[in-house]
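Undergrad: One structure is given below, represented as structure tokens, and several questions about it will come after.
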Amino acid sequence: MTKNEKIKKTLNETKEKRKNQIPVVYQLKVNLKSVDKMARKRLFLLFLEAKWFYNYLVADIQNRVSDDAYKIEKVTIKVGDTYEERNILNLSSHMKQSIISRIKQNLYSLHKKKEKGQKVGKLKFKKKVNSIPLKQYGNTFKFKNKNKTQIKIQGFKKPFRVLGGHQIPQDAEIAKAEIVKKGPSIYIYVTCYINKQKYDKTRKNIVHNFGISAGIDFKPSGIVLSSGIKVEWRIEETKRLKKLQRKLSRQKKYSKNWYKTIEKINKEHKKIDNIKADIINKVTAFLSYYKKVVFQDDDIASWKEDKFSKSVHYSSVGEIKRRLRNSLYPDVEVVDKYIPTTKTCSQCGNVQEISLAERTYKCSKCGLQIDRDLNSAINMLKVVGLDRPEVTPVERKTSARILGSSPYILVSFLQ
């Protein structure tokens, strides 16, 4: 059997095996505190060299993008009005091949868009490259211990300590990874394949702690549930961030101090993003305790064009909606956005106008007075044929345990 025949056979076997598997991506964080100074410097230089290599190839695609391009060890870069040579010392051959494949994929995507009649340009130079593919487990990267707390990357003598390796199941088939730079931190995103039947079985064994359904009314600064639980949060720009932005505006553009301030601003933005991500994780974790959630198909993106733009930006409430849509659990049902859930009385069904300034719904027919968001959430349940459940002690305890652990989340109970 020739080499090409062996490759073809292996590919067909893998293709057949993937039919019974699902891909799952795990995020691991490199513990930079345990890395020596030289290795840390080389780790960050990977992204700089990746940018040089990418831009060098894009500058002359026809002559430079080839199967042998991974052998390039010197590149020419533009510094001001002059050109200088730089050595590629840290990027391994496999990493270079991955960058070449990325360029080819980008060209193919442009070609397909052009075929569909879309107007396309050419590949542009990158100001920065923040991700490098590690395409082959065992060669480009590999775990050094059973607990997956140490990872070896091609070109580095010592393995790196990583946090989060315990998430990966022991029987998972590790396929590839991607090393990503986010501000001052380095992450490794590992793609694994897990048996589909085992994954489905795990999902079926999940216990519904509440055993009830909930209607969700999304607000610019939080959510209101049909049981009366109101969850609000708002993460604004910090004083330090505003101070750094003022400092940046007074500095000379592209100077060393200007770049230093940019790094500090990115670091501050990363802190804010981490707080937002923590809140979103907590809220979605709390909602997963329900058997079923129902919400209206509101266009949250359009809220940004109105006076709620800051509130939506500071809360990232749209991310919760996106996660619920894409999650396997809980079950999700979406109500059409044109159904007047806010205008309809949840007690008698009377429909009447209500202005945006009115926070309490007052029914002119039956006299019901209720919070407008709670009224809307209850109506969503009614649209899908469900009744409103009262808030239970279990819900109160769980909301306090999960949501109350964050100082940025405010939980209240509406009547």
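The values are calculated or read from the model by the stated rules, or taken from the named source; none is laboratory data. Treat the numbers as computed from the prediction; the structure is a model and nothing was measured. Glycine gets a Cβ as well: all are built from the backbone with ideal geometry, and neighbour counts include every protein chain shown.
Undergrad: Out of PHE308, PHE295, I need the residue that is out of contact with any Phe, Trp or Tyr (no Cβ under 9 Å at 6 or more places or on another chain), under 15 Å from PHE218 (Cα atoms) and either among the polar types (S, T, N, Q) or surrounded by 12 or more Cβ atoms within 10 Å (Cβ to Cβ) (or both). Which one?
TA: When all the criteria are applied, what remains is PHE308.
Undergrad: Still on this structure, I have one more. Among the residues of segment 1-23, write down those that are aliphatic (A, V, I, L, M) and either surrounded by 10 or more Cβ atoms within 10 Å (Cβ to Cβ) or part of a strand (DSSP E or B) (or both).
TA: ILE7, LEU11, ILE22
Undergrad: I'd like to check something: does segment 380-394 contain any residue that is surrounded by 18 or more Cβ atoms within 10 Å (Cβ to Cβ) and in contact with a Phe, Trp or Tyr (Cβ under 6 Å, 6 or more places away or on another chain)?
TA: No, every residue in segment 380-394 fails to be surrounded by 18 or more Cβ atoms within 10 Å (Cβ to Cβ) and in contact with a Phe, Trp or Tyr (Cβ under 6 Å, 6 or more places away or on another chain).
Undergrad: Mind listing whichever residues of segment 255-290 are without any contact (Cβ under 8 Å) to a residue 40 or more places away in the chain and among the polar types (S, T, N, Q)?
TA: Passing the criteria: SER255, ASN257, THR261, ASN274, ASN281.
For every residue, the table says whether it meets (1) modelled with pLDDT of 95 or more; (2) assigned by TED's automatic domain parsing to the domain that holds ALA177; (3) among the β-branched types (Val, Ile, Thr); (4) surrounded by 14 or more Cβ atoms within 10 Å (Cβ to Cβ).
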| position | (1), (2), (3), (4) |
| --- | --- |
| VAL25 | no, yes, yes, no |
| LEU43 | yes, yes, no, yes |
| LEU57 | yes, yes, no, yes |
| ASP60 | no, yes, no, no |
| ASN63 | no, yes, no, no |
| HIS111 | no, yes, no, no |
| LYS119 | no, yes, no, no |
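Undergrad: Do you know which of the residues in segment 378-403 that are assigned to a loop (DSSP other than H, G, I, E, B) and not acidic (Asp, Glu) is nearest to the chain's Cα centre (by Cα)?
TA: LEU403
A quick yes/no check of all residues on (1) more than 18 Å from ILE229 (Cα to Cα); (2) crowded, with 19+ Cβ neighbours inside 10 Å; (3) small (Gly, Ala, Ser); (4) over 31 Å from the mean Cα position of the chain (by Cα):
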site	(1), (2), (3), (4)
ASN326	yes, no, no, no
VAL334	yes, no, no, no
CYS345	yes, yes, no, yes
CYS348	yes, no, no, yes
SER405	no, no, yes, no
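Undergrad: Now for a separate question. Do the conditions hold for LEU46, that is, is it touching a helix residue (DSSP H, G or I) at 6+ places or on another chain (Cβ under 9 Å) and outside any helix (DSSP H, G or I)?
TA: no
Undergrad: Only one of ILE188, ILE194, ILE179 is out of contact with any Pro (no Cβ under 9 Å at 6 or more places or on another chain), among the hydrophobic types (A, V, I, L, M, F, W, C) and assigned to a strand (DSSP E or B); which?
TA: Unique residue meeting the criteria: ILE188.
Per-residue answers, yes or no, for (1) at pLDDT 95 or above; (2) assigned by TED's automatic domain parsing to the domain that holds ILE100; (3) more than 24 Å from the chain's Cα centre (by Cα); (4) farther than 24 Å from TYR54 by Cβ:
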| site | (1), (2), (3), (4) |
| --- | --- |
| LYS128 | no, yes, no, no |
| SER131 | yes, yes, no, no |
| ASN145 | no, yes, yes, yes |
| GLU173 | no, yes, no, yes |
| GLU178 | yes, yes, no, no |
| ILE188 | yes, yes, no, no |
| ARG203 | no, no, no, yes |
| PHE218 | no, no, no, yes |
| GLU236 | no, no, no, yes |
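Undergrad: What number of residues within segment 87-105 are closer than 14 Å to LEU45 by Cα and either hydrophobic (A, V, I, L, M, F, W, C) or part of a strand (DSSP E or B) (or both)?
TA: 5
Per-residue answers, yes or no, for (1) of a type in the set (Lys, Arg); (2) in contact with a Leu (Cβ under 7 Å, 6 or more places away or on another chain); (3) free of Cβ contacts under 8 Å to residues at least 24 places away in the same chain:
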site: HIS166; (1), (2), (3): no, no, yes
site: GLU173; (1), (2), (3): no, no, no
site: GLY183; (1), (2), (3): no, no, no
site: ILE194; (1), (2), (3): no, no, no
site: GLN197; (1), (2), (3): no, no, no
site: LYS239; (1), (2), (3): yes, no, yes
site: LYS242; (1), (2), (3): yes, no, yes
site: LYS253; (1), (2), (3): yes, no, yes
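Undergrad: Testing LYS321 on (1) in contact with a strand residue (DSSP E or B) (Cβ under 8 Å, 6 or more places away or on another chain); (2) surrounded by fewer than 11 Cβ atoms within 10 Å (Cβ to Cβ); (3) charged (D, E, K, R), one condition comes back false. Which one is that?
TA: The failed condition is (2).
Undergrad: Restricting attention to segment 209-267, which residues are among the polar types (S, T, N, Q) and in a helix (DSSP H, G or I)?
TA: Across segment 209-267, the qualifying residues are GLN245, SER249, ASN257, THR261, ASN266.
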